[in-house]
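A quick write-up on the structure given underneath.
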Amino acid sequence: MSEMKIVSGNFAAAYGAKLSRVEVVAAYPITPQTEVVEKIAELVAEGEMDSEYIKVESEHSAMAACIAASNAGARAYTASSAHGLALMHELLIWASGARLPVVMTNINRAMGPPWSVWADHHDTLAQKGTGQLQFFCESNQEVLDSVIMAYKICEDEDIMLPAMVVEDAFILSHTKEPVEIYDQELVDEFLPSYDPDYKLDVDQPLGFGSLGMPDWYMDFRYKIAEAFEKAPDKIMEVNKEFEEVFGRDPGGLIEKYKTDGVDVLIVTMGSISSTSKDVIDELREEGHNVGLARLRTFRPFPVEEFRKLTKGVNVVGVMDRSYTFGHGGDAAREIKDALYGHRDVILKDYIVGLGGRDLTPKILKNVMLDAISLQDKGLDKEIEWVDLKINQERWRR
Amino acid sequence: MAKVPEMELMNKGTTACPGCGAAHAMRYMLKALGKKTMINIPACCWAVIPGVYPSRNLEIPLLYTAFETTGASSSGVRAALNAKGVDPREITVVGFAGDGGTADIGIQALSGCLERGTDTIQVMYDNEAYMNTGIQRSGETPYGAWTTTTPVGSQKAWKKNPKKNMMEVVNAHGIPYAATVSIGHPELMIEKIQKAKDIPGPKFIHIYAPCPTGWRSDPSITIELCKLAVDSCVFPLYEIEYGEYKIYKKPKNKIPVKDYLKLQGRFRHLPQEEVEMIQKNVDKEWELLLKKEEFTNE
């Protein structure tokens, strides 16, 4: 029987791995991910989870061990955050190059220095080019759902890619919410066991990852690109199937919140989306024609969906909880890419909440009102940093 | 003494240089372990020797992995096999790395692998420098050697640091078995690797593997160099089983180190006093090893 439990985002991730019948876990502790590895250790120790748990000596080794286990035909899982994820970088690329459906949970945390353990998307978005699918979660339920879904998507023979299911530090990782822990049989029905066509096998000895000369390498890369092109449809297909089995829509590529016929579209990612939806309601009551798009799937980037969603829209206000130096907020930049040559729309990038800076409804409302005001006054700035010490008065009033 | 099995799991057609010690190392190791072996290979000469995609000259499953990950990768493969219910005595998981991949960039993953007790054989085939990238010094390059990053020149900048003692490093992890082996003594090498295969837990094998290209030695004397290394006590053949040392091939007549050094261009620049110092150090290490053997077998 499925049951409701009050659990943190980290526990939800651990239960997601358990329900996915992960065969090998290799993980290294880092704040604020530690509860994931602790909970899995406990589940394994209690015999509730039948997994080989490799207590590695670094995140780099964690992903290396997952890659090896996956190559040997096992379903593999890890979890990390920020500096741990950065240390994994080489292996994140390796996992996609090797076409291995390793799924990980990353707790979005700011990168030091200065040291910070709080919510920020830069760690995950710095890995956007590594060939990982990336799912940004809004709630603890979605964390659990997305881990299960990610295996289903990634293990599809047309995809065969690794994925990151990400949740914001503390706001989700350490905050308890009611989460439905599904009946194992139901999950088994949705997610069959992992049985790859090619794996390490002494009876059929193959070599994995050998030297590829220039006459081969590029074609392998193209195959990965092809899989990414197929991924949006696959994600939506699995999303639909998930909804049919579990009665819940985790959000697909983009979750559309009151976006029909809006003049102003606000774009958010991760945990700020919930507060933002309340603010949207308030603004709509006040007569503003505004809606919210929650960007759930950052990789593959939902290009077509953004084009559709912005038809007839005057202003797109993007809230980025990350900033790539010399470039801008990642989501805003990518949306601009998607809309280039398709939509003539005002787009403003708001840099918000870096390093866990609190985003109150008041601040979010001021951001949205600023976006709404652009309809009359036009674009004042392409990128605006919100709630800095030098401009706090404006955003908090 | 073990016989060298006739079975070949390494086919002809490698990309190895003439006289490559590492090629022999793999061949004999596979003869010892047989078909039911899975090998993790990081960046090293052996990432290239089996041939480039889609060719491959080994008849066992190969997993190429990132440079610094051999130990972690081996743990991953072993864990997957455990999850599938495959007994470690049925399939042997091997990490096969060069000296750089073992003793330098890979030492953390190796240490982790040994410490957490992965049932695997971690092999260091030691050609005493980064040979695949073109003869740069490693932690295993011996004192006095020329490499491209320890050039001789007017500053006499040959390597001034001792060779890292990996047998002691791995032994400090309290593992059940570690052995040095040499392709110059293939029967003994096979015997020790087969012994390692049957012992549960993490094992370490240090294979001495001359590199004519990097050592500036004649490719036809690779095996002779191996024997000279053993007979001069530069590379003693010994094993450590549950902490007990046993020198399993003691030279009948210990030969001078200079007889070993003089056949290699990489030591050609060394003045007489340096050669004497190397001799003293080799003698000291040898005496120490004899004492360890005596002490741990009391």
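Numbers at a glance
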item: Candidate set: the stretch B:113-148, residues that are under 20 Å from B:Ala80 (Cβ atoms) and touching a Ser or Thr at 6+ places or on another chain (Cβ under 6 Å); chosen: the one farthest from the other protein chains (Cβ to nearest Cβ); result: B:Thr120
item: Those residues of the stretch A:309-328 which are within 24 Å of A:Lys258 (Cα to Cα), part of a loop (DSSP other than H, G, I, E, B) and touching a strand residue (DSSP E or B) at 6+ places or on another chain (Cβ under 9 Å), in sequence order; result: A:Thr310, A:Val313, A:Asn314, A:Arg321
item: Residue list for the stretch A:136-156, filter: more than 12 Å from A:Ala13 (Cβ to Cβ), within 10 Å of the chain's Cα centre (by Cα) and not charged (D, E, K, R); result: A:Phe136
item: Pair list, Cβ < 7 Å and 6+ apart or interchain, from the stretch A:261-289 residues that are not assigned by TED's automatic domain parsing to the domain that holds A:Thr175 and crowded, with 18+ Cβ neighbours inside 10 Å to residues that are assigned to a loop (DSSP other than H, G, I, E, B) and of a type in the set (Ser, Thr, Tyr); result: A:Leu265/A:Thr259; A:Leu265/A:Thr310
item: Entirely in the stretch B:197-298, the helices (runs of 4 or more DSSP H) that have 2 or more residues that are under 25 Å from B:Trp46 (Cα atoms) and in contact with a strand residue (DSSP E or B) (Cβ under 7 Å, 6 or more places away or on another chain); result: B:222-231
item: Considering residues of the stretch A:77-99 that are over 18 Å from the mean Cα position of the chain (by Cα) and not in a helix (DSSP H, G or I) only, the residue nearest to the other protein chains (Cβ to nearest Cβ); result: A:Ala98
item: Residue within the stretch A:197-204 that is without any contact (Cβ under 8 Å) to a residue 40 or more places away in the chain and touching a Phe, Trp or Tyr at 6+ places or on another chain (Cβ under 9 Å) present; result: yes
item: Count - residues of the stretch A:298-322 that are within 20 Å of A:Asn106 (Cβ to Cβ) and polar (S, T, N, Q); result: 1
item: Flag for A:Ile67 being surrounded by 24 or more Cβ atoms within 10 Å (Cβ to Cβ), outside any helix (DSSP H, G or I) and in contact (Cβ under 8 Å) with a residue 12 or more places away in the chain; result: no
item: Residue under evaluation A:Val315, criteria (1) more than 23 Å from A:Asp168 (Cβ to Cβ); (2) of a type outside the set (S, T, N, Q); (3) surrounded by fewer than 21 Cβ atoms within 10 Å (Cβ to Cβ), criterion not met; result: (3)
item: Residue identified as farther than 18 Å from B:Glu140 by Cβ and touching an Asp or Glu at 6+ places or on another chain (Cβ under 8 Å) among B:Ala109, B:Ala79, B:Ala23, B:Ala103; result: B:Ala79
item: Qualifying position, being touching a Phe, Trp or Tyr at 6+ places or on another chain (Cβ under 6 Å) and surrounded by fewer than 23 Cβ atoms within 10 Å (Cβ to Cβ), among A:Ser58, A:Ser116, A:Ser146; result: A:Ser58
item: Scan of the stretch B:52-76 for residues that are modelled with pLDDT under 95, under 17 Å from A:Tyr198 (Cα atoms) and either under 19 Å from the mean Cα position of the chain (by Cα) or at the interface with chain A (Cβ under 7 Å from one of its Cβ atoms) (or both), ordered by number; result: B:Tyr53, B:Arg56
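The values are calculated or read from the model by the stated rules, or taken from the named source; none is laboratory data. Computed from a predicted structure; not experimentally measured. Neighbour counts run over all protein chains shown; Cβ positions are idealised from the backbone, glycine included.
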